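Participant: My questions will all concern the structure given below.
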Amino acid sequence: MFDEESITPRYSVVVPLHNEEDSIRELHERLSEVMTGRYEPAEFILVDDHSSDRTPRILAELAEDDPRVVVIRLKRNYGQTVALAAGFDYAGGELIISMDGDLQHDPADIPALMAAFEETGCDIVSGWRQNRVDNFFLRRLPSRVANWLMAKVSGVDIHDFGTTFKIYRRDAIKQIRLYGEMHRFIPALASWNGSTVVEVPIKNIVRPGGRSHYGISRTIRVFFDLLTIRFLIRYVTRPLHFFGPVGLLSMAGGMLIAFWLLIEKLTKGIDLFAEHGPLMVFAMILFLAGLQLISSGLIGELVSRTYFESQGKPIYTIERVITRKSSAGTP
């Protein structure tokens, strides 16, 4: 235990919760067993995503009994990503541990993740549910396909993007803004900022409550976020490179068709509207679509520059700066 008013925590444990009245106390007990005496000073940030059961009352009791517990209750049910973002924003530790609140993540795995963190010096340690206990067709198969797609699209070679059980260096997670269902893509977003990611196998336990309180419907939405991530990673600072090639190809196709129709008109004197009316319309659509795509790219360039410059936010991340003075003290 520590006096939260005088000691800044080194470790922050962030847990999003939604209607987890049956698991909260046991989760707190397990976290206390692992963290007390080994990983201190620590804080437990329990984010209540507007639960409708006895979760708020139990959390209030825990906060009263344990000074390490910080309860954040959201004004409505925003979803897991926003609940995690709220916890990350509040966390003050140098190392931030995130995990689910339904006991599917075992706090006893924290030392293994922490050991990998210390041995590798990485920025993120991600759990890997190597031996999953979920239903094969409803959970494991869709998850396997989604993880394969995420790895290919993001360029981050890990097996399990979906697990919340991770350890972050504070600087790595504080740079990332989360929207939609994008907490799964934190390793990809962090990697884009230059962070290193290591994966460690963890236990996958059957949920005591039987099912997740954040439903499987979110699996469909992941694929839309996948497209967003692909764009952000590769084209956020150069959107014209994304829209431009397709736009030029479309315009070129329209112009080639129009040129061929013009040759037909000049050499054969045919009535273009009568003979090739639909083709003329198609050529105009291709040209206008290409023009719109290129215009979208140019507007994206302006928006991108406005985004970075209005916040004074650089488009790069510095790992360290070495000068003669700083290197003099290096053995």
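Participant: Between E119 and R76, how high is the FRET efficiency from 1/(1 + (r/R0)^6) when r is the Cβ-Cβ distance and R₀ = 30 Å? Nearest 0.05.
Facilitator: With R0 = 30 Å, the Cβ-Cβ based efficiency is 0.10.
Participant: If a/c stays under 1.5 just call it rounded; otherwise compare a/b with b/c (prolate if a/b is bigger, oblate if not). Do that for the range 31-100, with a ≥ b ≥ c from the square roots of the Cα gyration tensor eigenvalues.
Facilitator: oblate
Participant: Please report the antiparallel percentage of the DSSP beta bridges confined to the chain, to the nearest 5.
Facilitator: The antiparallel fraction comes to roughly 25 percent.
Participant: DSSP H helices in the chain with Cα extent of 30 Å or more along the helix axis and mean Kyte-Doolittle hydropathy at least 0.0?
Facilitator: 240-268, 272-310
Participant: Kindly provide the helix-only [θ] at 222 nm of the chain, computed as the sum of -39,500 (n - 2.57) over DSSP H runs of four or more divided by all residues, to the nearest 500 deg cm²/dmol? Write out the running numbers ahead of the final one.
Facilitator: Working: 11 runs with 162 residues, N = 331.
Dividing the helical sum by the residues of the chain leaves -16000 deg cm²/dmol.
Participant: Could you tell me which label, among [x] 25.2; [y] 18.7; [z] 16.0, carries the value of mean projected area of the Cα convex hull in nm² calculated for this structure?
Facilitator: [x]
Participant: Taking R0 as 41 Å, what FRET efficiency do you get between M284 and F223 from their Cβ-Cβ distance, rounded to the nearest 0.05? Please list the in-between numbers first.
Facilitator: Details: r = 33 Å, r/R0 = 0.81.
E(calc), rounded to 0.05, equals 0.80.
Participant: Let me ask you something else. Rounded, prolate or oblate: pick one for the range 1-135, where a ≥ b ≥ c are the square roots of the eigenvalues of its C-alpha gyration tensor, a/c under 1.5 means rounded, and failing that, prolate if a/b is larger than b/c, else oblate.
Facilitator: oblate
Participant: What's the lysine pair count for the chain at a Cα cut-off below 27 Å, pairs eight or more apart or interchain?
Facilitator: 9
Participant: If you don't mind, there's one more thing I want to ask. Given labels modelled 7 Å from the Cα in the Cβ direction, how far is it in nm from H159 to E309?
Facilitator: 4.7
None of the figures in this text is laboratory data; all of them are computed from the coordinates on show. This is a predicted model, so every value here is computed, not measured. All Cβ positions, glycine included, derive from the backbone under ideal geometry; neighbour counts span all protein chains shown.
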